[in-house]
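Contents: one structure, followed by commentary.
The values are calculated or read from the model by the stated rules, or taken from the named source; none is laboratory data. Treat the numbers as computed from the prediction; the structure is a model and nothing was measured. Backbone-built Cβ (ideal geometry, glycine too); neighbour counts: all protein chains shown. Just the protein is used for accessible areas: all its heavy atoms, side chains included, with ligands, DNA and RNA removed. Shrake-Rupley method; radii C 1.70, N 1.55, O 1.52, S 1.80 Å.
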Amino acid sequence: MSAPQSYFVETWGCQMNELDSRYLEGILRARGLRPAAAAEQAELVLLNTCAVRDKAVHKVLSRLGELDRLRRTTGKPSVVGLCGCVAEQEGARLLARSRVLGFVLGPGRIGQLGSALDAAAAGERVTSLGFTGGRDWDSDLIARGAGARQSVTAIHGCNQHCTFCVVPYTRGHEINRSLDDIINEVNDLAKSGVLEITLLGQTVNAYRCPRTGADFANLLEAVCAVEGPWRIQFLTSHPGYFTDTLIRTMAGLPRLGRYLHVPFQAGSDAVLRRMHRGYTRREYVDLVNRVRAALPGITLSTDVIVGFPGESEADFEETLSLVSELRFGQLYGFVYSPRPRTPAARYADRVADEVARERIGRLFALQTEIQLALNQGLIGRRVEVLVDGPAKRGKLVWSGRSDDNRVVNFPAWDGIREGELATLEIAGASAHALFGEPLAAGSAGRPTQA
Ligand code: SAM
């Protein structure tokens, strides 16, 4: 088989998968492949997949079926590679089941894409999984494109072992990058004009430099000392790793975005214990109070799982009461989904689907009410946004995000560009977006404040 000349990468899931996809692209570009506009036009298609919730494997199988039919009718794609968390979890089995699949690479092995392609050209089907010997990661190869927002990995993998979560199995144990490596990457991005940098890790605030022992507060200070970027964000934090020193450090860093994502998952101590989260409801509330006292006006967002095994109506009402009490700016809610190899998948007392769906409907209704009230309270405020591009609604309305990660839509002006900073006055609000009137655009896309 001749080597493919064009590629298309389909990405499902989180920011880490997005970044892994840019790394895969970088490897392909370094081999001279060019991007295709759609999977239908590509000789190589990579599926970079997510396994956090169910239906993932089903979704992959159905996409492989579509690509198989496409190949039989058009001859393209000649090679399909499966990458990401579903590859790690089900790769070998899927390779046996699917004719169109050429190779399988787990998240720890994506640096081996080149040799997998060489093997495919020689008629071999490679499966490379696991994490022994670390993780291949060459940040110089990441094909970042021109975006003004970029992510930088601080920690690969996860050590938490929450009983619901498949991530430690699919992404392996934590590997902390050295502070020097992270800062070099941030420096390069700053020099290229990137305005917002998000540090990534499943439990990013547990960061420890393997060379110097520097902690997450030290990392934030070092990243915020790099000249250029408008804002530094980070994702995802675990409630158990917020020391007073970290909170004090955050409060003293004006370049840090006023946004913090800290999943609480459940409002009931009994459920939190069974989830193996390592904190109580009271400890979580105390954390939020400490953060809000040190960083007034910060927007908090959170993740919540509904219908975890054994969750009673009273347990769920504790989740609702925590949401009412803490009034998050954003909330991501998920119906519990049993994952292979996780302890909770073997727990008795499953919550019936219709009960879980009814509960999540109540959770979303409550959050919508809270978000609407919070957003309406912002009318009249001035905000600076990083412009993302035309909003879905049409070309005349553009969209950006404020430094506390709120979506703001606004009427476009002549010469508007993606990646510039603009000052807006909030003139209207819905539960999920704000509407702003332009006051001034930032000069040539450079930061207008430190
Ligand atoms: N490492 C982060 C943490 O534990 O807080 C985020 C991990 S996960 C990629 C993102 C979110 O998906 C979690 O915070 C959780 O709310 C949700 N999630 C994870 N496993 C789930 C499962 N089995 N069923 C439903 N939601 C799940």
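For the chain, would you read off the P(r) tail past 27 Å as a percentage of all alpha carbon pairs? In whole percent, the long-distance tail amounts to 58.
Between the C-alpha center of the range 245-312 and that of the range 85-150 there is a gap of 34 Å. Solvent exposure of the range 63-118, expressed per residue, is 36 Å² of accessible area, with all protein chains present and a 1.4 angstrom probe.
With all pairs of different C-alpha atoms in the average, the Kirkwood value for the hydrodynamic radius of the range 322-383 is 14.2 Å.
Can you compute log10 of I(q)/I(0) for the range 299-404 with the Debye formula, treating each Cα as one identical point scatterer, at q = 0.15 Å⁻¹? For the range 299-404, the Cα-only Debye profile gives -0.78.
Ordering GLN112, PHE8, GLY75 by the projection of their Cα atoms onto the charge dipole of the range 1-148, which places +1 on the Cβ of Lys and Arg and -1 on the Cβ of Asp and Glu, puts GLY75 at the extreme positive end. Taking the empirical scaling 2.2 N^0.38 Å for compact globular proteins as reference, the range 201-292 has a Cα radius of gyration ratio of 1.16. Between PRO254, PRO309, PRO263, the residue with the greatest mean-square fluctuation in the GNM of the chain (Cα pairs under 10 Å linked by springs) is PRO254. Label-to-label distance for ARG382 and GLU437 is 1.4 nm, based on points extended 7 Å past Cα in the beta-carbon direction.
Under unit Cβ charges (Lys, Arg +1; Asp, Glu -1), what dipole magnitude, rounded to 20 debye, does the range 98-158 have relative to its Cα centre? It would help to have the intermediate numbers written out before the result.
Details: 6 positive and 5 negative charges, 52 e Å.
Rounded to the nearest 20 debye, it is 260 debye.
Coupling constants for the range 198-208 follow from the phi torsions by the Karplus curve (6.51 cos²θ - 1.76 cosθ + 1.60, θ = phi - 60°), and in residue order they are 10, 7, 10, x, 5, 9, 5, 7, 8, 3, 9 Hz; glycine and proline get x. Here the accessible area of the chain is 50 percent carbon and sulfur, with a 1.4 angstrom probe and all protein chains present.
Quick note on the range 381-421: its Rg to Rh ratio, both from C-alpha atoms and Rh being the Kirkwood radius, is 0.93. In order along the range 63-79, the Karplus-derived 3J(HN,Hα) couplings, from 6.51 cos²θ - 1.76 cosθ + 1.60 at θ = phi - 60°, round to 5, 5, x, 4, 5, 4, 5, 4, 5, 5, 8, 10, x, 10, x, 7, 9 Hz, and Gly and Pro are given as x.
Neighbours of THR319 by Cβ distance under 10 Å: Lys/Arg scored +1, Asp/Glu scored -1, total -1.
Cα convex hull of the range 23-136: mean projected area in nm², to one decimal? Walk me through the intermediate numbers first.
Numbers: hull surface 28.1 nm².
The Cα convex hull of the range 23-136, projected and averaged over all directions, gives 7.0 nm².
Projecting label points 7 angstrom from Cα along Cα→Cβ for ASP138 and ASN184 puts them 1.3 nm apart.
How many nm separate the modelled label positions at ALA293 and LEU129, each set 7 Å beyond the Cα in the direction of the Cβ? Taking the simple label geometry, ALA293 and LEU129 are separated by 4.9 nm.
Result for the chain in a Gaussian network model with C-alpha springs under 10 Å: among VAL304, VAL383, VAL355, the largest mean-square fluctuation is at VAL355. Across the range 156-164, coupling constants 3J(HN,Hα) worked out from phi with the 6.51/-1.76/1.60 Karplus curve, θ = phi - 60°, read 8, x, 8, 10, 7, 6, 4, 6, 8 Hz, and Gly and Pro carry x. Using only side-chain charges placed at the Cβ, +1 for Lys and Arg and -1 for Asp and Glu, the dipole size of the chain relative to its Cα centre rounds to 760 debye.
Within the range 71-180, the percentage of alpha carbon pairs spaced more than 17 angstrom apart rounds to 62%.
Rolling a 1.4 angstrom probe over the protein heavy atoms, how many square angstrom per residue are accessible across the range 121-268?
Working: 5470 Å² over 148 residues.
Ligands and nucleic acids excluded, the result is 37 Å² per residue.
Computed over the chain, the per-residue total of -39500 (n - 2.57) for DSSP H runs of n ≥ 4 gives a 222 nm mean residue ellipticity of -10500 deg cm²/dmol, rounded to 500. When the chain is treated as a GNM, springs tying every alpha-carbon pair under 10 Å, which of GLY278, GLY75, GLY267 comes out with the largest mean-square fluctuation? Per the Cα network of the chain with a 10 Å cutoff, GLY75 tops the list. Could you list which residues have their amide H under 5 Å from that of HIS261, counting only those 5 or more apart in sequence or on another chain, with H placed in the peptide plane? Here the answer is SER237, SER301, since their amide H atoms fall under 5 Å of that of HIS261. Any chance you could tell me what percent of the C-alpha pair distances in the range 245-285 go past 14 Å? Pairs farther apart than 14 Å: 56 percent.
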